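Structure, as structure tokens:
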Amino acid sequence: MLNKQFEEEQRHAGIGMTSARTRDRLIERLKQQGITSIATLEAIRNTPRHLFIEEAMAHKAYEDTALPIGFDQTISQPYTVARMTELLLEAGPLKTVLEVGTGSGYQTAVLAQLVNRIFSVERIGALHRRAALLLDQLKLHNVSLRHTDGNGGWPTSMKFDAIIVTAASTTLPKSLTNQLAKNGRLVIPVEQEGEQALCLVQRTESGFTQELIEPAHFVPMLRGVIE
């Protein structure tokens, strides 16, 4: 039992190209690219990204690049994860966050260390199940996952302090903006005329404000559920 526990701890900590030193180099790179949120950087440092990708690609886990995770989906590059997380946290602490597109669960794991509770939806069943298993192994118990079409948001009437979308949409889905609490923030990649950009949407007393932040590159936001 102790040997199994030791092996699990070693796997989470990483060795060689997935070691703490390798993670530190990634954090320094993110700082150079303009990420300033200490909380975000520490969450990324503490998240074993090599567990969220195939073992054969583990040596690339702490490079600042997107990587395939199957089903024509990718795990976002660490800079993108850091930037979107930073944008969500800019207005202060968050109690409830909705994530549309669990994917590998990496962004979920980062956010779970920074907010009270995160709700995440994924349309591809195999990814949903894989992420659920890994997040449970990492003892991130403030996460609720559902296998459902993210275009509808979380299937409830609850409001969220923030919403993060990890796929590009050509419109701002009303189902998501309607689930933003007052003063809530939505970070979503939007695509117009073939160009993508991160968009920050904020709910105000009188409606919504929108601000394009920077160029982005995401897989498209699709409808339907895959078992």
Go ahead and run the numbers for FRET between D24 and R117, Cβ-Cβ distance against an R0 of 41 Å, rounding to 0.05. 0.90
On a 0 to 90 degree scale, rounded to 10, what angle separates helix 78-89 from the longest Cα axis of the chain? 50
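Return the loop-located chymotrypsin sites (Phe, Trp or Tyr not before Pro) in region 56-97 (DSSP other than H, G, I, E, B) with at most 14 other Cβ atoms within 10 Å of their own Cβ; answer none if there are none. Intermediate values should be presented prior to the final figure.
Working: sites: Y62, F71, Y79; in loops: Y62, F71.
The qualifying sites are F71.
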Taking the alpha-carbon distance from K95 and a cut-off under 28 Å, which lysines remain once sequence neighbours fewer than 8 residues away in the same chain are dropped? K31, K139, K159, K174, K182
Using only Cα atoms, find the angle between the long axis of helix 20-32 and the longest principal axis of the chain, and express it within 0 to 90 degrees, rounded to the nearest 10. 30
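Going by how many other beta carbons lie within 10 Å of each one, how would you line up M57, M84, fewest first?
On the way: M57 14, M84 26.
If I rank by nearby Cβ atoms, fewest first, I get M57, M84.
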Of all trypsin sites (Lys or Arg not before Pro) in region 156-205, which ones are in loop regions per DSSP and have a Cβ with at most 16 other Cβ atoms within 10 Å? K159
By the C-alpha gyration tensor axes a ≥ b ≥ c (rounded if a/c is under 1.5, else prolate when a/b exceeds b/c, else oblate), the shape of region 148-187 is oblate
May I ask what percent, to the nearest 5, of DSSP beta bridges between residues of the chain are antiparallel? 45
Label-to-label distance, nm, for residues given as Q210 and L172 (7 Å Cα→Cβ offset): 0.6
Placing one equal point scatterer on each C-alpha of region 65-215 and summing with Debye, one gets log10 I(q)/I(0) at q = 0.14, 0.21 Å⁻¹ equal to -0.62, -1.51
For region 75-155, what does the alpha-carbon gyration tensor say about shape, rounded, prolate or oblate, given a ≥ b ≥ c as the root eigenvalues, a/c under 1.5 as rounded, and a/b over b/c as prolate? rounded
Give me the net charge of K31's neighbourhood, meaning all other residues with Cβ under 14 Å from the Cβ of K31; Lys, Arg count +1, Asp, Glu -1. 0
Cleavage-rule hits (GluC sites (Glu not before Pro)) in region 158-195: DSSP loop, at most 12 neighbouring Cβ within 10 angstrom: E193
Convex hull of region 145-211 built on C-alpha atoms - directionally averaged projected area, nm²: 4.7
Cα centre as origin, Lys/Arg/Asp/Glu Cβ charges: region 65-215 dipole, Debye: 660
Using a cut-off of under 18 Å, list every residue of region 57-71 whose amide N is near the label point 7 Å from the Cα of L133 along the Cα-to-beta-carbon line. 57-58, 69-71
Lys/Arg +1, Asp/Glu -1 at C-beta; region 24-108 dipole; positive extreme among Q33, H59, Q107: Q33
What does the convex hull of the alpha-carbon atoms of region 185-226 project to on average, in nm²? 4.1
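Per DSSP H run of at least 4 residues, take -39500 (n - 2.57); add these up for the chain, divide by its residues and hand me the 222 nm value, nearest 500 deg cm²/dmol.
Numbers: 7 runs with 70 residues, N = 227.
When only DSSP H runs of four or more count, the value is -9000 deg cm²/dmol.
For region 65-215, what's the relative contact order in percent, using C-alpha pairs closer than 8 Å and at least 6 residues apart?
Numbers: 299 pairs, mean separation 26.9, N = 151.
Relative CO of region 65-215 lands at 18 percent.
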Backbone N within region 128-155 under 14 Å of label point (7 Å from I226 Cα along the Cβ vector): 128-130, 148-150
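Computed from the coordinates by the stated procedures, all read-outs in this text should not be read as laboratory data. Quantities reported herein were computed from a predicted structural model and do not represent experimental measurements. Backbone-built Cβ (ideal geometry, glycine too); neighbour counts: all protein chains shown.
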